[in-house]
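Engineer: Let me begin by handing over the structure; questions about it come next.
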Amino acid sequence: MSNFILFDDQSRVSLRPLTFFRPVSAIRIGILTISEKWEIYLQQPVSFLTEMYLQEKFKLKVGTDNFLINGSVLPNKEIITEILSLDADTSLVHEGSIIAIHLTAANLKHFTLGSSPELKSRNVKTLFYKISNTWDIFGLNKKAIAEDFRLLTNSRKSAGISPTNKILGNNLFIEEGASIECSTINTLKGPVYIGKQAEVMQGCHIEGPVALCDHSVLKMGTLVYKGTTIGPWCKAGGEINNSIMFGYSSKAHDGFLGDSVISEWCNLGAGTTTSNLKNNYEPVKQWSYSENKFVSTGLQFCGLVMGDHTKTGISSMFNSGTTAGVCSNIFGVSYQRNFIPSFVWGGNSGFRKHKCEEAMETAKAVYARRELAFNAIEENIFKAVFDLASDNRLL
């Protein structure tokens with residue numbers, strides 16, 4: 001039986017700060033993470049080939065017959081057909097990037113040790129999507145929600161919905177245990193997926209494509225526009241447009257979030273607001289971890305990218321194209337700087353270093369609220385990320 005491994009390529013750096021705490025394939029886009037999509041398509045588990053400090057949490061499984069797949073590639077039937085048709089010790093490439101490799105166990109050992117076994121190669125012939133920059137995530141999210149909706153709901157029947165709601169169109173799927181009252185859901189422009197035990201409180205307005213994942217809550221009166229994913233165990237309120245919250249994060253109060261990506265264990269204080277459009281309508285620039293400078297996204301609409309475990313105080317404001325690193329505490333009522341490093345504490349009046357031990361104590365507290373253990377594996381990851389992010393800490 002073939003063994004499938006999702007590996008990180010050079011996009012891992014350009015996708016920071018979102019990849020400090022996870023492999024690329026653990027990024028959520030659409031309803032599912034990339035790895036979850038691959039498991040549904042392949043109908044079997046996948047494992048991960050990533051940075052050593054993450055490998056204990058995201059396990060690597062080696063078989064005698066291995067398909068290594070680029071973890072930044074979104075699966076579809078056509079690309080999977082191409083991958084599965086690869087001869088042994090052959091790679092599938094696109095514009096200089098390796099998309100997949102079919103390796104025997106012996107050559108896989110060389111590959112994991114950093115050497116390059118001699119491989120045949122062939123070019124990709126089919127269309128596929130690949131995330132290479134943080135802004136690709138919200139750029140592709142509408143399509144990804146629609147595709148995941150088909151994957152998850154095919155030949156299944158939706159749970160019922162309370163008559164207190166107003167539904168437009170017939171592209172709504174509700175998992176068992178979800179609660180929705182006195183809200184409007186418009187599926188005329190795209191599907192709406194409501195996960196298990198999720199709650200839509202009264203007075204919400206949702207325009208698809210939208211995903212509200214398992215155990216998440218939309219607070220009263222929330223406005224959710226197309227292209228938005230609220231990952232599992234999140235709380236969301238205010239106004240959200242074309243944005244992704246990976247999971248376990250909260251934006252529970254008023255404030256606008258647009259064309260943005262919020263990673264796990266973040267908390268946006270009451271009134272936190274992002275800009276996603278420059279007043280002169282020029283393309284937005286965003287910080288690039290791979291180039292160590294601001295680069296043009298080529299996009300007119302681009303908001304906030306926030307790494308794991310970062311928090312904001314009330315009424316925080318973020319300009320278009322802002323990047324906030326991991327494990328930072330940001331506060332102050334004026335606009336924040338456009339690049340905020342990891343492990344810092346402060347705001348527009350200045351920052352101080354945020355100790356790794358302090359960040360871990362906060363993480364332990366928020367994990368406990370979800371009845372999750374902050375174990376030695378998590379602690380080792382925190383310490384590794386603290387060292388890895390040190391280059392930008394004093395910018």
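Coordinate-derived values only; no laboratory data. Since the structure is predicted, the reported quantities are computational estimates derived from the model, not experimental observations. A quick note on method: Cβ atoms are made from the backbone with ideal geometry, for glycine too, and the neighbour counts reach across all protein chains shown.
Engineer: Mind checking which aspartates and glutamates have their Cα closer than 20 Å to the Cα of Lys196? Skip sequence neighbours fewer than 8 apart in that chain.
Structural biologist: Glu36, Glu39, Glu147, Asp148, Glu175, Glu176, Glu181, Glu207, Asp214, Glu264, Glu371
Engineer: Let me ask something else about it. Given Cys266, Gly321, Phe301, which one lies farthest toward the positive end of the charge dipole of the stretch 139-392, if we put +1 on the Cβ of every Lys and Arg and -1 on the Cβ of every Asp and Glu?
Structural biologist: Towards the positive end, the residue furthest out is Phe301.
Engineer: Once you've got the Cα coordinates, tell me which of Lys57/Lys285; Lys61/Lys285; Lys59/Lys226; Lys157/Lys189; Lys251/Lys364 are over 29 Å apart.
Structural biologist: As for pairs spanning more than 29 Å Cα to Cα, those are Lys57/Lys285; Lys61/Lys285; Lys59/Lys226.
Engineer: While we're looking at this one, here's another question. At q = 0.15, 0.17 Å⁻¹, what log₁₀ I(q)/I(0) does a Debye calculation on the Cα points of the stretch 3-132 give, no solvent, two decimals?
Structural biologist: Reported log10 I(q)/I(0), two decimals: -0.65, -0.86.
Engineer: Follow-up question, since we're still on this one. Which FRET efficiency value, to the nearest 0.05, do you get for Glu56 and Glu118 by plugging their Cβ-Cβ distance into 1/(1 + (r/R0)^6) with R0 = 35 Å?
Structural biologist: For R0 = 35 Å, the calculated efficiency reads 0.65.
Engineer: Using a 7 Å offset from the Cα along the Cα-to-Cβ direction at both Gln10 and Gln202, what is the distance between the two label points in nm, to one decimal?
Structural biologist: Reported label-point gap for Gln10 and Gln202 is 5.6 nm.
Engineer: How much length would be gained if the chain were fully extended between Asn280 and Asp254, taking 0.36 nm per residue of separation minus their Cα-Cα distance, in nm to one decimal?
Structural biologist: Additional length available on full extension: 6.8 nm.
Engineer: Each label point is 7 Å from the Cα along the Cα-to-Cβ direction; what then is the distance between the points at Thr81 and Asn154, in nm?
Structural biologist: The two pseudo-label positions are separated by 1.4 nm.
Engineer: Mind giving me the nanometre distance, one decimal, between the label points for Asp89 and Gln43, set 7 Å out from Cα along Cα→Cβ?
Structural biologist: The two pseudo-label positions are separated by 3.1 nm.
Engineer: Continuing with the same structure: What FRET efficiency do you get for Ser162 and Leu372 if R0 is 30 Å and r is their Cβ-Cβ distance, rounded to the nearest 0.05?
Structural biologist: Calculated transfer efficiency: 0.45.
Engineer: To continue, here is another question. If I model the chain as equal point scatterers sitting on the Cα atoms and use the Debye formula, what is log10 I(q)/I(0) at q = 0.08, 0.09 Å⁻¹?
Structural biologist: -0.42, -0.53
Engineer: Nearest 20 debye, what's the magnitude of the dipole of the chain about its Cα centre given +1 on Lys and Arg Cβ and -1 on Asp and Glu Cβ?
Structural biologist: 520
Engineer: Expressed as a whole number of Å, what is the distance separating the alpha-carbon centroids of the stretch 151-180 and the stretch 316-395?
Structural biologist: If we compute the Cα centre of each part, the gap is 38 Å.
Engineer: Using only helices, what value at 222 nm comes out for the chain when you add -39,500 (n - 2.57) per DSSP H run of length 4 or more and divide by the total residues, to the nearest 500 deg cm²/dmol?
Structural biologist: -5500 deg cm²/dmol
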